[in-house]
1. Is it fair to say residue 212 is under 30 Å from residue 274 (Cα atoms), over 19 Å from the mean Cα position of the chain (by Cα), modelled with pLDDT under 90 and surrounded by 16 or more Cβ atoms within 10 Å (Cβ to Cβ)?
2. Quick check on segment 118-152: of everything there that is at pLDDT 95 or above and surrounded by 17 or more Cβ atoms within 10 Å (Cβ to Cβ), which residue is farthest from residue 226 (Cα to Cα)?
3. Do we find that residue 178 is touching a strand residue (DSSP E or B) at 6+ places or on another chain (Cβ under 9 Å), surrounded by fewer than 19 Cβ atoms within 10 Å (Cβ to Cβ), at pLDDT 95 or above and closer than 30 Å to residue 72 by Cβ in this structure?
4. Being more than 24 Å from residue 158 (Cβ to Cβ) and surrounded by fewer than 19 Cβ atoms within 10 Å (Cβ to Cβ) is the filter here; which residues of segment 1-12 pass it?
5. Would you confirm, using the coordinates I've provided, whether residue 228 is within 19 Å of residue 40 (Cα to Cα), crowded, with 16+ Cβ neighbours inside 10 Å and under 23 Å from the mean Cα position of the chain (by Cα)?
6. Does residue 249 satisfy being at pLDDT 90 or above, farther than 26 Å from residue 60 by Cα and loosely packed, with under 13 Cβ neighbours inside 10 Å?
7. Of the residues that make up segment 15-25, is at least one within 30 Å of residue 81 (Cβ to Cβ) and either out of contact with any strand residue (DSSP E or B) (no Cβ under 9 Å at 6 or more places or on another chain) or not assigned by TED's automatic domain parsing to the domain that holds residue 149 (or both)?
8. Does segment 26-47 hold any residues that are surrounded by fewer than 18 Cβ atoms within 10 Å (Cβ to Cβ) and out of contact with any strand residue (DSSP E or B) (no Cβ under 6 Å at 6 or more places or on another chain), and which are they?
């Protein structure tokens, strides 16, 4: 199933008019897919900007056109690096790096999707893009051909590119054999439900079934839990809801230490409820996305 397939199925199951997801998974991948309904879809861009945690299996010795196990083998190598060689190569892939996306990706080249060009046999020319990798660790060497890694990264980092490029840095070829997303922003695998668990796996043809239980749904504030919270008075909350900015001087002593005063986001709170997202900019707290 594609990520869109999952969203459509869950949206129907909960009888939601509007739905969106917090970051596409490759068809080969499994793991966490946050889904938002109604007004909560406004939070999706911020969820997608959150930290991601992945676990992937690198298969050494084969390059594939998609950089994962779904593709065709395009080259092979007999070289098998040692764990020590792999560990020595990893630091170059941590921190702020430049990364060339896989040919089979949704990146647009002159208005066309790269994967469409690749499927038609027109190899897209993709430029390196900045990427942030907070952690890239060797977890297990299963056998000579198979290595498992965990990666914590920012938005838009391709695990298939990391696998391909790490193998190349070790003097061999490689691709992703398995990929699982363990976390997206504040959402972890421990919080996730399978489609079967929410009774969406076996719809009965021709029968009107009641919507899935709302007990599975989390409050909209959960999606913004990674963004620093800023407590406001009711008067300040009213001003923000009317589109008015608030001077940061007025908020001195309440601004969270983790909020960047030069363009950072804050989660505006009043009496325990989330008002929306605001940006700290030019000495003001400015409403950005109110809920």
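The values are calculated or read from the model by the stated rules, or taken from the named source; none is laboratory data. For clarity, every value in this text was computed on a predicted model and none was experimentally measured. Neighbour counts are summed over all protein chains in view; Cβ atoms, including those assigned to glycine, are modelled from backbone coordinates with ideal geometry.
1. yes
2. Step by step, filter segment 118-152, then rank; the result is 147.
3. yes
4. 8, 9, 11, 12
5. Yes, satisfied.
6. So residue 249 fits the description; yes.
7. For segment 15-25, residues within 30 Å of residue 81 (Cβ to Cβ) and either out of contact with any strand residue (DSSP E or B) (no Cβ under 9 Å at 6 or more places or on another chain) or not assigned by TED's automatic domain parsing to the domain that holds residue 149 (or both): present.
8. 27, 38, 39, 45
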